[in-house]
Amino acid sequence: MPSARHTAPVPRIALTGGVASGKSMIARLFQALGARLIDTDQIAREIVQPPSPLLDRLADRFGISILRQDGTLDRARLRHIAFTDASARTDLEALMHPAIRAEVATRSAKIGGPYQLVAVPLLLETGTQGQYDRVLVVDCDPRLQLQRLMLRDALSEPEAQRILAAQATRAARLAIADDVILNVGDVAAVASQVEALHHNYLRMARPLSA
């Protein structure tokens, strides 16, 4: 884990985890307790809504087949291209990640709060964990994760395995974690973990606001 951490006036907690680990549900639980949330997946959707210079650059790079008839982005098509071609994935990240980071910074400056939760699915893959005060990893059994992904996105097992293989390993994510939530399907147990961490983060924020 990097020794140097970004320290903002408001503590920022990076929420990360593998695909289909349950990050969205856990983010909603934090929000219900009053946490300010910045969701980079939501930002990624919003910044390519037409008219969008970024969407134009994506179409230039990957072809108009990534656009639906109404001109919006076909995310499933783009995802298929990115996860079957390593160079395409690299180019996609080079286009998307700077734009997402810029929008995160803008929103972070606006929303305030005792602390901010920033959902960053590809935190480790982008090497940005040092930009946050703490890293919260959502963890689950890999087989359960595979089953959730196949069900959620209607994927075959080989398709889902390719997506999982393109992400950081479970061990690598846990190695950068300051905090871990184990999500194995027991909502009450997950909610209890969220509440405990929420109070810890509030205590962490008080010295900065004193």
Give the separation of the Cα centroids, the range 108-142 to the range 147-171, in Å.
21
Relative to the compact-globule scaling 2.2 N^0.38 Å, provide the ratio for the alpha-carbon radius of gyration of the chain.
1.05
Counting only C-alpha contacts under 8 Å and six or more residues apart, can you give the relative contact order of the chain as a whole percent?
38
Could you give the length gained by full extension between LYS110 and ALA88, i.e. 0.36 nm per residue of separation minus their alpha carbon distance, to one decimal place?
4.6 nm
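Quick note: the coordinates plus some simple rules give every number you see, no bench work behind them. Just so we're clear, the structure is a prediction, and the values are computed from it rather than from any experiment.
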